Amino acid sequence: MSNFRTLDAAGDLTGKTALVRVDFNVPMEDGRVTDDTRLRVALPTINKLRDAGAKVALLAHFGRPKGERVDSMSLEPVVAPLAALLGAPVRFATDCVGDEARAAIDDLDAGGVVLLENVRFHKGEEQNDPAFAAELAALGDLYVNDAFSAAHRAHGSTEGVARLLPAYAGESMRRELEALDAALGSPKKPVLGIVGGSKVSTKLDLLQNLVSKLDKLAIGGGMANTFLAAMGQDVAASLCEHDLGDTAREIIKAAEKAGCELLLPVDVVVATEVSPNAEARVRELGQLQPEEKILDAGPATVARLEKAMAESRTLIWNGPLGVFEVPPFDAATVRAARTAAALAQSGVLTAVAGGGDTVAALNHAGVVDDMTFVSTAGGAFLEWMEGKVLPGVEALRS
Ligand code: ADP
Ligand code: MG
């Protein structure tokens, strides 16, 4: 992790203007922020810069206005909740470049904060137009990226501007990079992965990358059905991508070659419909009735997974083991999550997880704060797990 420039290396910031890319793509309803998690995530960086006497100009996107000003996608509703969290005034500039932005920044005292309007109101943002990046860069003395979740995109405010100013990882970006490095970059071995979720087709790159890096990989959720079917098991009425049999067998071969032990379900929980009132049954493989669907991992599978966790030093997890939204099919995911969290708390396991539904599942299990790190970065987290280069992160490498 030492190879990223962090704010500690930024020198004296008194009176300097820091352009700070944050993720303020918050849930909003009728012009009100309904969840301020992403605002809170940005506070350590903003406060660190304010304490150092810098002016803070915040850059962010909201929604998909596609390069045009769309009033309903203004960032202005973020100003009041952000100011409340900071306990300090936050100015708003109706444009992120040009005279309007310049004047708002000039107007700040040292330690002052301005939120600049949605960068995606300009076509140059998503096109990563050098002229747009230069307009951004003209506003500041340094650039800080605190939005890991946007770092998989080479946009003006995530990559272009980082090439034009001294660029640093913010505190939340630093935390995320450190956690990801501890999970896959230079992890303590043995390393166990869990990949679940609905479909193999959405996670092919992920599976291919992981089998080359992990000591063990447990496959769960709907995608395990595709693997079971590829190995000749009858998965009855389960969700299954039967056309991906060859792909699944290739992944199995690649795992063998790389010395990665695959853990596929040995028993399953089935029902004839996905409903809380459905009668759920535990089945050994080979015992499914034609109308049954596999909706969760069985107890023997979970026990084997818990044993694998206890024997590992690092866990990287994406994707629930079952249809966790509909109890009782949350049981395997909840149980595995609590075991991982307990091992993380006892200090023997570095447990890192991420993914939209995975975060929801860990929340449901009540263990988000007990894992070593839970990434809320969605697409960026997945691309990083797939072994892809994230342009916004590359630009911060020293
Ligand atoms: P993430 O968002 O964390 O990357 P995914 O989107 O890949 O996760 O997968 C989550 C979805 O997978 C959930 O909606 C869950 O209900 C579904 N799922 C898990 N197991 C099964 C299963 N056996 N059959 C059908 N859907 C499943
Ligand atoms: Mg999902």
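Structural remarks
- Only a single criterion out of (1) free of Cβ contacts under 8 Å to residues at least 12 places away in the same chain; (2) open to solvent by less than 10 Å² (accessible area, probe 1.4 Å) is not satisfied by residue 256, namely (2).
- Annotation: residue 41 fulfils all but one of (1) open to solvent by 10 Å² or more (accessible area, probe 1.4 Å); (2) part of a loop (DSSP other than H, G, I, E, B); (3) hydrophobic (A, V, I, L, M, F, W, C); the unmet one is (2).
- In the range 338-358, the qualifying residues are those that are free of Cβ contacts under 8 Å to residues at least 24 places away in the same chain and out of contact with any Gly (no Cβ under 9 Å at 6 or more places or on another chain), and the one that is most open to solvent (accessible area, probe 1.4 Å) is 346.
- One residue from 194, 294 being in a strand (DSSP E or B), within 16 Å of ligand 2 (Cβ to nearest atom), assigned by TED's automatic domain parsing to the domain that holds residue 313 and not polar (S, T, N, Q): 194
- Candidate set: the range 353-366, residues that are farther than 11 Å from residue 337 by Cα and in contact with a Leu (Cβ under 9 Å, 6 or more places away or on another chain); chosen: the one nearest to ligand 2 (Cβ to nearest atom): 355
- Candidate set from the range 228-244 (those that are away from ligand 1 (no atom under 12 Å from the Cβ) and assigned to a helix (DSSP H, G or I)); member that is surrounded by the most Cβ atoms within 10 Å (Cβ to Cβ): 230
- All told, residue 323 falls short of being in a loop (DSSP other than H, G, I, E, B), away from ligand 2 (no atom under 16 Å from the Cβ), of a type in the set (A, V, I, L, M) and within 30 Å of residue 384 (Cβ to Cβ).
- Looking across 274, 302, one residue alone is assigned by TED's automatic domain parsing to the domain that holds residue 196 and within 12 Å of ligand 1 (Cβ to nearest atom). It is 274.
- Residue within the range 341-350 that is within 13 Å of ligand 1 (Cβ to nearest atom) and in contact with a Pro (Cβ under 9 Å, 6 or more places away or on another chain) present: no
- Residue among 376, 339 that alone is under 30 Å from residue 155 (Cα atoms) and of a type in the set (S, T, N, Q): 376
- Some residue of the range 368-390 being open to solvent by 50 Å² or more (accessible area, probe 1.4 Å), farther than 20 Å from residue 185 by Cα and either within 16 Å of ligand 1 (Cβ to nearest atom) or in the same structural domain as residue 206 (by TED's automatic domain parsing) (or both): yes
- A single member of 184, 116, 164, 86 is touching a residue at least 60 places away in the same chain (Cβ under 8 Å) and aliphatic (A, V, I, L, M), and it is 184.
- Test: residue in the range 252-262 that is within 12 Å of ligand 1 (Cβ to nearest atom) and in contact with a strand residue (DSSP E or B) (Cβ under 8 Å, 6 or more places away or on another chain): no
Yes/no per residue for (1) closer than 19 Å to residue 386 by Cβ; (2) of a type in the set (Asp, Glu); (3) crowded, with 24+ Cβ neighbours inside 10 Å:
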site: 127; (1), (2), (3): no, no, no
site: 145; (1), (2), (3): no, no, yes
site: 177; (1), (2), (3): yes, no, no
site: 204; (1), (2), (3): yes, no, no
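- Here residue 329 fits the description: at pLDDT 95 or above and within 13 Å of ligand 1 (Cβ to nearest atom).
- Verdict on residue 200 being outside any loop (DSSP other than H, G, I, E, B) and either open to solvent by less than 20 Å² (accessible area, probe 1.4 Å) or touching a Phe, Trp or Tyr at 6+ places or on another chain (Cβ under 8 Å) (or both): no
- Residue 138 meets all of the listed conditions (1) in contact with a strand residue (DSSP E or B) (Cβ under 8 Å, 6 or more places away or on another chain); (2) open to solvent by 30 Å² or more (accessible area, probe 1.4 Å); (3) more than 21 Å from residue 50 (Cβ to Cβ) but one, namely (1).
- Members of the range 70-91 that are open to solvent by 30 Å² or more (accessible area, probe 1.4 Å) and closer than 19 Å to residue 27 by Cα: 70, 71, 72, 73, 76, 77, 80, 81, 84, 85
The values are calculated or read from the model by the stated rules, or taken from the named source; none is laboratory data. Since the structure is predicted, the reported quantities are computational estimates derived from the model, not experimental observations. Note: ideal-geometry Cβ built from the backbone for every residue, glycine included; neighbour counts use all protein chains shown. The accessibility values were calculated without ligands, DNA or RNA, using every heavy atom of the protein model including side chains. Shrake-Rupley method; radii C 1.70, N 1.55, O 1.52, S 1.80 Å.
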